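These notes concern the structure reproduced below.
The values are calculated or read from the model by the stated rules, or taken from the named source; none is laboratory data. All values reported here derive from a predicted model rather than from experimental measurement. Note: ideal-geometry Cβ built from the backbone for every residue, glycine included; neighbour counts use all protein chains shown. Heads up: the accessible areas ignore ligands, DNA and RNA and are worked out on the full protein's heavy atoms, side chains in. Shrake-Rupley method; radii C 1.70, N 1.55, O 1.52, S 1.80 Å.
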Amino acid sequence: MLGLLAQAAEQALNLTGLGASLGAAIAAIGAGIGIGKIGGAAMEAIARQPEAAGDIRSNMIVIAALIEGVALFAVIVCVLTLFV
């Protein structure tokens, strides 16, 4: 009985690693897609209104930084699930 419990705990640990890895990968991919969409929308907006390029660029950088922060937080949470 104890051997069966040890085997189940070992399999759960392997699944935890897999889940954490998938979570970190999804967070990184989501951040890349989000920043790509922001960049594309900013370029379209600058093409339509070149005189507003400075404001659009600064807003784009702030939003991209926020997305990177959320993605970094998600990756750190996933890494912590591996070690805790």
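The figures follow:
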quantity: Label-to-label distance, nm, for residues given as Ile76 and Ala64 (7 Å Cα→Cβ offset); calculated: 2.2
quantity: Overall dimensions of segment 17-84 as given by Cα atoms, namely Rg and Dmax in Å; calculated: 15.6, 51
quantity: Length gained when the stretch Ser21-Asp55 is fully extended (0.36 nm per residue, less Cα-Cα span); calculated: 8.5 nm
quantity: Carbon and sulfur %, accessible surface of segment 29-84 computed with the full protein complex present, 1.4 Å; calculated: 74
